[in-house]
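Have a look at the structure below before the remarks.
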Amino acid sequence: MKKRTYIYRRFERFWHWTQAFLIMFLTITGFEIHASYELFGYEQAVRLHDIAAWSLLILIVFTIFWHFSVGEWKQYLPSTKLVKDQVKYYITGIFQGAPHPTKKTAYNKFNPLQRLTYFGFKAIIIPAQIITGLIYMFPSVYSQIGGVGVVAVIHTLGAFVLIAFLIAHLYLLTTNEEPAASVAAMITGWEEVSTDPAEEHQKHMQTAVEKSIAGYYRLDKLGKFVDVNDAWLKMYKCHDRENIIGKHMSLTREPKHQQELSNIFKRCMQGETVIGIPVVRKCKDDTIGKHILSMNPVFEGTEIIGVEGFIIDITAIDNLQNQMYHTVRNSNAGYYKLNNKGYYIDVNDAWLEMYKCDNRDNIIGKHYSLSSNQEDLKRFDEIFASVIQNGTTITSEVARRQCKDGTLGKHILSANPFYEGTQIMGMEGFILDITQLDEEDLKK
Amino acid sequence: MQNNSIKKKSIGLIISLVVIIVPWIIIFAINDKITADNLPDGTRNVNFEKDTLSKQADHSKFEVLKQQFTSPEQVTEACLTCHNERQHEIMQTAHWNWDREVTRTDGTKTKIGKRNIVNNYCIATNTNTWKCSSCHIGFGYKDKTFDFKNPSKVDCIVCHDNTNSYEKQPLGSGYPVTKKEVFEGKTLFPPDLNYIAQSVAKPTRNNCGKCHFFGGGGDNVKHGDLSSDLFKPNKQMDVHMDTEGNNMACVACHEADRHKIMGKAYSVSSANEGRMECEKCHSEAPHNNSTLNNHTAKVACQTCHIPVYAKGVATKMRWDWSTAGKLDADGKKINEHDKEGHHTYSSEKGSFEWKTNVEPEYVWFNGTAEHYVYGDVIKDPSKILQMNIFFGDYNDPKAKIVPVKIHRGKQFFDPVNKILIVPHIYGHDSTAYKTGLDWNLSAQVGMKEAGLPYSGKYEPIETEMYWRINHMVAESDKALTCKECHSRNGRLKNLAGFYMPGRDRSILFDIIGVLMISFSVMGVAVHALIRYIKRDCIACE
């Protein structure tokens, strides 16, 4: 799947092109100093080479800082994974029209060979050029080591490597599906890149958990908190995560509700997944709140090492509380993500199940109107507009859905905007099924 | 919102471009402004002040100088009545002694100087001292019987005469003429000793020049950078002595302390002491350019700032004694000149080569030198014999690259004893080579006088003698450009032992580098070609 993605950030592009220019300029002046040809005149060549060298050095200092501060350095860690496939692709696959063995994504911009090459570039060639170049600038240093000879030879060899690199670098650009688009990407920052569904999904879930108004928690096998998100903390009226992590879950219940919680915990620790149970919590300030709880075991290999789950606040819709108690045996927290035009970017399995849909690809890229009937759509439009335009968050909205087979379902919906920088890029949230509520209510 | 975002992006793009491009425009714009060449005359760091003191005493008022002098010694005695300690100073200098105590490279302490060093011009003083000593600062230094302890033999006025009328007779062993005399076409008058004695002062260029510009018996013969051109040079000839500019006297740089004058000529000096350095006035970082200043650790100022020497009068580059002795059909001595009038052959002396505007050769030099002294054994007569050896190399922190004149020649050595012959050249008897044209006789007499063995055999040997080039400093814009050394066949192409960018490269690694690029290009070409050929197959699939 392709997605237009902001892949090269502004500094990254500035750095790339400035570095490209400086390195080429250094090469041109450098080989004049090497007496390979005459262009600027020796004195000018030396002067310009020096100026360019200092400029590059300053740029590199900033770049190192940038790489570590934004974490982009990880992109350059070489890995042996798929190196063989990549080599095989360039040697044989490309001639047979085989697909690229690796996909470019925003989180993995470089193929394994690029990683390896750029790592060598950054860890060996550039440092070698800088170190030898600096020694070159200070005769008092190199006269201690018997002259500039070795230094000069290494420096020149480094320049040869850079030229060879440049040739290959430019050529390999043409092996991209759209070379011009790749160049454009290095200028504008945006490129159509593959999205790794699993990775995207994981990333979405991660940010959804971090940013959503659904509370997330994770317990170890003793029932102590390992992690909670901001929404969880907010629901428990707690400001400092440190007050929760490492504490036992019993902290969050009135004595009369302790047994219920430990029962659920026990079930999960035996491998069961518990979904959609309305429960009553005790907040930090001893007030009472209500939420719907899901809990599932966390595996490491085959061993259950703890549990995790979501909570969605329902304190405000107290009137539903009783009904909910009977609901959602087979419900689960469904997750969805819409872009700012209302198209689905991601949904989870539980969502798909609720919508009676078995293929995610039937949903992704579709507009949300697909999943609503006409009468409910108006309300959803309002919600969407409010989230996208005003950045409001919606919690505990009872909504109806139109499933794939045309039947209707009922769920509680949460919605919140997600951002890139300060710009709202779309809406995401969770849904909890309450369809059965009515039926069971009727039975009663 | 969309419009806003595009606007924002284009502003961002423009800012980025400006940030990238503007510094470069600025650098290119100011680049020319910050070059050292645009400095006013490169005089940024000159630490020199002209001596503006008036004359310390008016010598015309001293009674002792009003007496009627009949001999130059009387003038000296008169000087010493007041300056009654100066004779001791003078008598310790090499100007007087023609030697000084040194430690030679083999560790022995000995006195060496004009008295016992062999050169490849007129070869040696020895029996010829009576002629050479017309440039001695004394009276009557004819041979080794001269009394170096007699203060009245010191010639004060040869250096301190400011009338420019005092002149020693070229064959007078240090004495001026006593009556009007014509010598080699020049009329010499007996000096007016009273007039001269009453107008003594600090030495002028004339005082120094009349000996030092004529070393080797003629104008600019020896040094190459010291010629009569420096009596009244223009700026193009010498920036320091330019009569319309700095107009500096020799002693402005060659300062003296108790008559011990700064500056060394390594044709006779050995030790790294009492040297003159440009840095004294100009500092070690005189350029407004750190790259140039970086050079001063290893490159002497003279190397770049004296691009050529012998800018006026030609200097002798080669003297081949082995061709001497030929006579013409009538049995007469031969003298030949080239079309510029340079003496190219003489039966009495051999053949000569002369040159003007000579590009110096360059050597490493740390301020110490060794010399060929009477009796030194020649290790390998098949090799060129260095009459003086300049020490130093790249790894020697005291050594710098200096420009030199190398005077090449051929003279005779005794192949049995493996020592240079110090022949008897000048004299009116037939044992003097100039008169008798017989090397054997001249060697016998000369070697006997020098106390050296002589086998009776003599063979020619190639020689080299090194002369530092220090004068005739060019205007700053005439200094060497980078390229003149930093190129494959530049001026330093023969100076080994260090890597110089632009001159040197590792052929091996250059080949590796070029191969690397070639493989890269070929790899790309082959890969692209296969892709091009296979494109239809891919389309079918």
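The values are calculated or read from the model by the stated rules, or taken from the named source; none is laboratory data. Since we're looking at a predicted model, the values are computed, not measured. Positions of Cβ are generated from backbone atoms using ideal geometry, with glycine treated the same way; all protein chains shown enter the neighbour counts. Heavy atoms of the whole protein, side chains included, go into the accessibility calculation; ligands, DNA and RNA do not. Shrake-Rupley method; radii C 1.70, N 1.55, O 1.52, S 1.80 Å.
Rounding to the nearest 20 debye, state how big the charge dipole of the stretch A:336-444 is about its Cα centre with +1 on each Lys and Arg Cβ and -1 on each Asp and Glu Cβ.
200 debye
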Stokes-Einstein translational diffusion, the protein assembly as shown - Kirkwood Rh over all Cα pairs, 0.890 mPa s, 25 °C, in µm²/s
65 µm²/s
Against the longest alpha carbon principal axis of chain B, how many degrees, from 0 to 90 and to the nearest 10, is the axis of helix B:507-540 turned?
20 degrees
State to the nearest 20 debye the size of the charge dipole of chain A about its Cα centre, where the only charges are +1 on K and R beta carbons and -1 on D and E beta carbons.
380 debye
If you average 1/r over every pair of different alpha-carbon atoms in chain A and take one over that average, what Kirkwood value in Å do you get?
26.2 Å
For the stretch A:9-79, the per residue accessible area (1.4 Å probe, Å²) is 48 Å²
Pairs of Lys in the stretch A:2-195 closer than 12 Å at Cα, counting only those 8 or more apart or on different chains
5
Relative contact order of chain B (C-alpha contacts under 8 Å, at least 6 apart) in percent is 14 percent
Here is the link list: B:383/B:410; B:349/B:434; B:316/B:339; B:180/B:202; B:144/B:202. Which ones come out longer than 19 Å on Cα distance?
B:180/B:202; B:144/B:202
Could you work out the local net charge near residue B:145, counting Lys and Arg as +1, Asp and Glu as -1, over the other residues with Cβ closer than 15 Å to its Cβ?
+2
5 angstrom amide H check on residue B:344, placed H, neighbours 5+ away:
B:336, B:337, B:338
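Would you calculate the convex hull of the Cα atoms in the stretch A:67-171 and tell me its volume per residue in Å³?
Once divided by residue count, the hull of the stretch A:67-171 is 130 Å³.
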Where A meets B: accessible area buried, both sides, 1.4 Å probe, Å²
4200 Å²
Quick one: Karplus J couplings for the stretch B:90-97, per residue in order, coefficients 6.51, -1.76, 1.60, θ = phi - 60°, nearest Hz, x for Gly and Pro?
4, 6, 9, 8, 5, 4, 8, 7
Positive-pole candidate from B:512, B:444, A:149, dipole of the protein assembly as shown, charges at beta carbon
B:512
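Enter the mean number of other protein chain beta carbons within 10 Å of the beta carbon of each residue in B:481-488, as an integer.
On the way: counts 3, 8, 6, 1, 1, 6, 3, 1.
The shielding value for this peptide is 4.
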When you look at the Cβ of every residue in A:37-45, what mean number of other chain Cβ atoms sits within 10 Å?
4
Assigning unit charges at the beta carbon (Lys, Arg +1; Asp, Glu -1) and nothing else, what dipole magnitude in debye, to the nearest 20, does the stretch A:374-419 show about its Cα centre?
120 debye
Could you run the Karplus curve 6.51 cos²θ - 1.76 cosθ + 1.60 with θ = phi - 60° over the stretch B:327-341 and give me ³J(HN,Hα) per residue in whole Hz, x for Gly and Pro?
10, 7, 4, 8, x, 9, 5, 9, 9, 10, 10, 8, 5, 7, x
Selection from A:425, A:352, A:335 lying farthest towards where the dipole of the stretch A:333-443 points positive, charges on Cβ:
A:425
May I ask for the angle, rounded to the nearest 10°, between helix A:374-385 and the longest principal axis of chain A, with both axes built from Cα atoms and the value confined to 0 to 90°?
50 degrees
Shape box of the stretch A:2-195 [Cα atoms, principal axes, largest first, Å]
55, 35, 31
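What percentage of all Cα-Cα pairs in the stretch A:333-443 are separated by more than 19 Å?
Every Cα pair in the stretch A:333-443 considered, those over 19 Å come to 41 percent.
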Spelling out what I want: for every residue of the stretch A:264-276, take phi, set θ = phi - 60°, compute 6.51 cos²θ - 1.76 cosθ + 1.60 (Karplus), and round to whole Hz; glycine and proline get x.
4, 4, 4, 4, 5, 5, 8, x, 7, 10, 10, 9, x
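Mind ranking B:296-302, A:300-306 by how tightly packed they are, going by the mean number of other C-beta atoms within 10 angstrom, highest first?
B:296-302, A:300-306
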Arranged from highest to lowest average of other beta-carbon atoms within 10 Å per residue, in what order do the peptides B:379-385, B:190-196 appear?
B:190-196, B:379-385
Mean other chain Cβ within 10 Å across B:497-506 is 6
Sorted by packing (mean other beta-carbon atoms within 10 Å per residue), highest first, where do B:363-370, A:47-54 land?
B:363-370, A:47-54
